[in-house]
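Structure record follows, encoded as structure tokens.
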Amino acid sequence: MEKFTLVIHGGAGTILKKNMTPDKELAYNDKLKDALLAGYTILKEGGSSIRAVEASVRVMEDSPLFNAGKGSVFTNEGKNEMEASIMEGGSLAAGSVTMVTNVKNPISAAKAVMEKSSHVMMVAEGAVKFAKENDLDIVDPQYFYDAKRYQQWQDIKGSTDIRMDHLDESEDMAKTQINAEFSEPADKKFGTVGAVAIDKDGNIAAGTSTGGMTNKMYGRVGDSPIIGSGTYANNKTCGVSSTGHGEYFIRAVVAHDISAMMEYKGVSLQEAADEVILRKLPALGGSGGIISVDSEGDFALTFNTEGMYRGSIREDGEPNVAIYKD
Ligand code: ASP
């Protein structure tokens with residue numbers, strides 16, 4: 001049997017078992033498994049890692065559980081501004097969109113930019129126009145309305161606070177305080193989604209999609225659409241998808257840094273991931289995690305937070321999912 005591997009995440013943060021109900025935990029685990037199986041079906045039949053990554057991310061974008069697509073959080077102006085990126089490790093081709101407000105699946109818009117334009121990154125109305133021209137699903141912005149997300153925004157509307165995702169009613173105390181100096185928030189939950197895969201042909205792909213952070217300033221762009229920070233893939237080394245406090249992930253160039261350590265220093269994926277996520281990023285003040293697959297099909301799911309919604313699947317078809325720190 002030819003080997004392949006797919007890993008996914010649905011965000012990292014202070015995700016604690018004591019704040020989770022059994023129903024909610026089940027819902028997350030089930031949706032993570034759905035996302036894994038969507039990609040697995042493609043890889044099993046010899047499909048490309050790019051298609052598998054897109055399929056897995058779309059499942060999570062279509063679920064209100066995650067802060068991407070349907071579950072996207074609100075900006076300080078009460079809008080849903082989404083961003084996504086995808087990269088192919090053989091050709092180093094990449095595509096990215098940001099500030100899209102009515103594209104149902106931003107990951108597919110990023111893929112269209114990669115495959116059907118000569119550009120890497122498209123923003124706002126131009127990105128939407130391009131998505132339309134490529135027959136992607138466009139929805140009324142109301143589609144993204146979610147009562148819980150809206151309430152999360154109402155709670156801090158008008159303030160400078162920024163609330164991370166995955167907050168629930170039992171965690172009202174957990175309002176994120178990002179003060180004027182942009183210190184790290186007391187509570188950190190990041191609901192971005194991502195997938196990384198290597199297919200039977202040895203091609204690696206990575207993709208990431210997000211609604212960003214609740215009450216983020218108009219025009220704010222995080223790490224998720226930034227190639228090299230939120231997403232990176234190189235067949236020589238690994239593919240990476242990030243989740244966490246985007247400003248730090250941009251400044252630490254997280255995804256490419258992990259790949260570069262492997263390429264230039266010959267370190268293993270796990271060593272590179274540990275160095276960046278457990279040492280470099282915390283030293284800057286940044287929290288979050290990554291999922292990554294290397295050219296051997298080995299993977300790292302590394303985070304410096306209490307938990308990360310995550311999962312993996314290989315050719316045996318057994319989906320493994322986890323939420324909390326082991
Ligand atoms: N990285 C995302 C951002 O900063 C947030 C997340 O991971 O949920 O926009």
* Would you mind listing how long segment 107-146 runs along its three principal axes, going by Cα atoms, in whole Å with the largest first? => 34, 17, 15
* Of the listed peptides 312-319, 205-212, what is their order by residue-averaged count of other C-beta atoms within 10 Å, with the highest listed first? -> 205-212, 312-319
* Asked: For segment 34-160, what is Rg from Cα atoms divided by 2.2 N^0.38 Å, rounded to two decimals?
  -> 1.10
* Report the residue, chosen from Gly95, Gly266, Gly289, that carries the largest GNM mean-square fluctuation when the chain is represented by alpha-carbon nodes joined by springs under 10 Å. => Gly266
* Kirkwood Rh over Cα pairs of segment 233-326 into Stokes-Einstein at 37 °C, 0.692 mPa s: D in µm²/s? -> 245 µm²/s
* Over the alpha carbons of segment 25-75, what is the largest minus smallest coordinate on each principal axis, giving the biggest first in Å? -> 39, 26, 10
* To do: Calculate the all-directions average of the projected area of segment 206-284's alpha-carbon convex hull, and give it in nm².
  => 5.2 nm²
* Kirkwood Rh, Cα atoms: Rg over Rh of the chain -> 0.94
* How many nm is it between the label spots at Lys265 and Leu284, if each spot is 7 Å from the Cα in line with the beta carbon? -> 1.5 nm
* Reported to two decimal places, what Rg/Rh ratio describes segment 1-59 when computed on Cα atoms with Rh from the Kirkwood expression? -> 1.08
* Per-peptide average of other Cβ atoms within 10 Å, ordering 148-154, 254-260, 115-121 highest first -> 254-260, 148-154, 115-121
* Asked: What is the gain in length, in nm to one decimal, between Asn29 and Asn134 on full extension, counting 0.36 nm per residue of separation less the C-alpha to C-alpha distance?
  -> 34.5 nm
* Considering only protein heavy atoms, with the full assembly of protein chains and a 1.4 angstrom probe, order Phe74, Phe299 by accessible area, largest first. => Phe299, Phe74
* Asked: Taking springs between alpha-carbon atoms closer than 10 angstrom, which of Gly307, Gly285, Gly39 fluctuates most in the Gaussian network model of the chain?
  -> Gly285
* **Estimated 222 nm signal from helices in the chain, with DSSP H stretches of n ≥ 4 weighted -39500 (n - 2.57), rounded to 500** => -8500 deg cm²/dmol
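The values are calculated or read from the model by the stated rules, or taken from the named source; none is laboratory data. Since the model is a prediction, treat every value here as computed from it, not as a measurement. Cβ coordinates were reconstructed from backbone atoms using ideal geometry, including for glycine residues, and neighbour counts include every protein chain displayed. All accessible areas refer to the heavy atoms of the entire protein, side chains included, with ligands and DNA or RNA removed. Shrake-Rupley method; radii C 1.70, N 1.55, O 1.52, S 1.80 Å.
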